[in-house]
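The values are calculated or read from the model by the stated rules, or taken from the named source; none is laboratory data. Quick caveat: nothing in here was measured; it's all calculated off a predicted structure. Positions of Cβ are backbone-derived with ideal geometry, glycine not excepted, and every protein chain shown enters the neighbour counts.
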Amino acid sequence: MVLAALGLPALPAQAAGYGTPTLALSASYLSGAVGASGDPTVDVTVAQSGADVSALTVSASASSKASVAGTGDVTVTGAGAVRRLAVTARGKGYTNLTVKVTGLGGKSATRTLSYAASAAVQNAAEARYFTGSADASAAVDVGGGYAVVADDESNVLRLYDRSRSGAPVKTWDFSSQLGVGKEVDIEGATRIGDTIYWTGSLGNNKDGEYKAPRNTVFTTTVSGSGAGAQLTYGRAYKKLREDLVAWDRANGNRYGFAAGTAAGEAPKQIDGFNVEGLEFAPGSTTTAYLGFRAPLAPAVPGGKALVVPVTNFDQVLASGAKAVFGAGIELDLGGLAVRDLRRNAAGQYLVLAGSWAADDNSDPYALYQWDGIAGHAPVKRADLPTTDPGGWEAIVDVPDLGAPGARVQLVTDSGSADLYGDGTEAKDLAHAEWKKARAAWFTLG
């Protein structure tokens with residue numbers, strides 16, 4: 001029987017064949033920042049049986065808190081099976097966004113995207129956000145615009161695109177090879193050829209307790225570059241702290257290493273013991289510089305930053321040889337300590353200077369240029385902003401410091417920052433996608 005003969009409207013062709021649309025998000029949690037450029041995005045995969053995917057539309061149909069991001073702040077691009085969804089943050093906080101696919105036959109489906117937005121920062125256009133971890137502590141360039149970034153709260157090394165905000169391209173966790181169940185507290189790194197050297201802080205934990213994994217230096221081997229970079233585990237040495245204490249004792253306890261490593265002594269004190277910088281000496285692939293966050297030398301306000309050369313560092317890692325040290329180098333950084341130390345191929349050094357204290361998110365930071373030679377004074381190149389969340393922690397690489405407009409990328413440790421205004425430290429956030437460290441470019445004066 002024909003429907004028209006009964007006075008009923010005709011159904012669209014194949015209407016009975018349209019299934020309920022499907023909608024899948026590549027992530028259920030997403031982080032952005034007010035005023036940011038290139039925030040992370042989410043892929044939306046859609047389908048509907050009986051319909052061409054080009055006929056499906058995707059949009060945000062509701063927001064639980066429009067002051068953070070409303071439906072009009074959601075942009076969806078693409079017309080195929082996979083669309084790209086971006087959110088422009090309106091204000092700091094959290095909102096649940098309802099993402100809706102509308103198909104043929106009046107059928108639709110929804111999913112919830114939980115979105116978190118952090119506040120605007122200075123020079124927002126120069127900022128990028130590396131998600132998945134908030135506690136960035138060291139970074140090494142691996143070419144092609146990519147860097148491997150360490151985390152002082154875990155032993156995971158993450159590969160990021162330096163130019164984009166978002167999740168790591170690859171991750172590596174060498175805990176099993178290192179034989180540790182807790183964090184090494186990675187704080188410094190440098191690269192020679194295809195070998196990356198990493199060092200733990202070597203100090204006690206914040207409660208003054210000795211934790212063996214922190215007394216670790218190790219190597220990884222790099223193959224490939226850029227997004228194709230791969231890391232393999234090399235070797236480790238776990239007695240550098242003891243070697244340093246013995247050396248200092250043999251030299252009259254000049255730097256107080258024995259006292260700084262004693263039980264009950266917190267590492268982030270002016271007379272504490274905490275390594276945060278690692279780089280090789282000028283023209284050398286054997287002598288490495290250890291840059292200390294604590295102690296200052298002398299350990300009084302206005303004291304100098306301490307750098308200790310390890311003259312056989314290559315053999316320490318290659319064969320487990322006991323470390324041999326050169327005379328300590330004391331740098332005038334205006335009362336600040338070494339937070340990172342990095343050299344370029346031309347032998348130019350940048351020193352990231354910051355406080356020895358634990359409450360350093362608002363304490364001064366500065367960049368100093370140095371030639372790596374003991375007795376030669378470093379020269380300040382820039383004061384760094386301190387009003388935004390996170391402490392400056394890592395230099396990715398060093399540009400030609402003599403070139404006009406030289407730019408350097410720094411990375412923050414944002415682990416103790418309250419990014420979203422709810423009183424939760426970033427390291428304690430429930431979802432990895434909401435954890436993030438900020439990378440920012442600075443032009444050197």
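General observations
- Test for Tyr210: is it in a loop (DSSP other than H, G, I, E, B) and of a type in the set (Phe, Trp, Tyr): yes
- A count restricted to the range 143-172 and to residues that are assigned to a loop (DSSP other than H, G, I, E, B) and surrounded by fewer than 23 Cβ atoms within 10 Å (Cβ to Cβ) stands at 11.
- Within the range 185-204, the set of residues being among the polar types (S, T, N, Q), in contact with a Lys or Arg (Cβ under 8 Å, 6 or more places away or on another chain) and part of a strand (DSSP E or B) comprises Thr190 only.
- Yes/no for Ala116 being at pLDDT 95 or above, under 30 Å from Ser362 (Cα atoms) and not in a strand (DSSP E or B): no
- When the range 427-445 is filtered for residues that are outside any strand (DSSP E or B), modelled with pLDDT of 95 or more and small (Gly, Ala, Ser), the ones remaining, listed by number, are Ala430, Ala432.
- For the range 353-371, the set of residues classified as touching a Lys or Arg at 6+ places or on another chain (Cβ under 8 Å) and assigned to a strand (DSSP E or B) consists of Ala353, Gly354, Ala366, Leu367, Tyr368, Gln369, listed by residue number.
- Only listed residue being surrounded by 14 or more Cβ atoms within 10 Å (Cβ to Cβ) and among the basic types (Lys, Arg), chosen from Arg249, Arg254: Arg254
- One residue stands out among those in the range 348-374 that are out of contact with any Pro (no Cβ under 8 Å at 6 or more places or on another chain) and charged (D, E, K, R): the one that is nearest to Thr412 (Cα to Cα), which is Asp360.
- Pairs meeting the criteria (first residue in the range 43-56 and farther than 21 Å from Ala27 by Cβ and assigned by TED's automatic domain parsing to the domain that holds Lys107, second residue crowded, with 16+ Cβ neighbours inside 10 Å and aromatic (Phe, Trp, Tyr), beta carbons under 8 Å, at least 6 apart or on different chains) are Gln48/Tyr18; Ser49/Tyr18; Gly50/Tyr18; Ala51/Tyr18.
- Wholly within the range 248-352, strands (runs of 3 or more DSSP E) carrying at least 1 residues that are in contact (Cβ under 8 Å) with a residue 24 or more places away in the chain, closer than 27 Å to Tyr365 by Cβ and not assigned by TED's automatic domain parsing to the domain that holds Ala189: none
- Residue check, Val379 of a type in the set (Val, Ile, Thr) and buried (at least 18 other Cβ atoms within 10 Å of the Cβ): no
- Condition check for Thr424: part of a loop (DSSP other than H, G, I, E, B), modelled with pLDDT under 95, surrounded by fewer than 18 Cβ atoms within 10 Å (Cβ to Cβ) and of a type in the set (S, T, N, Q): no
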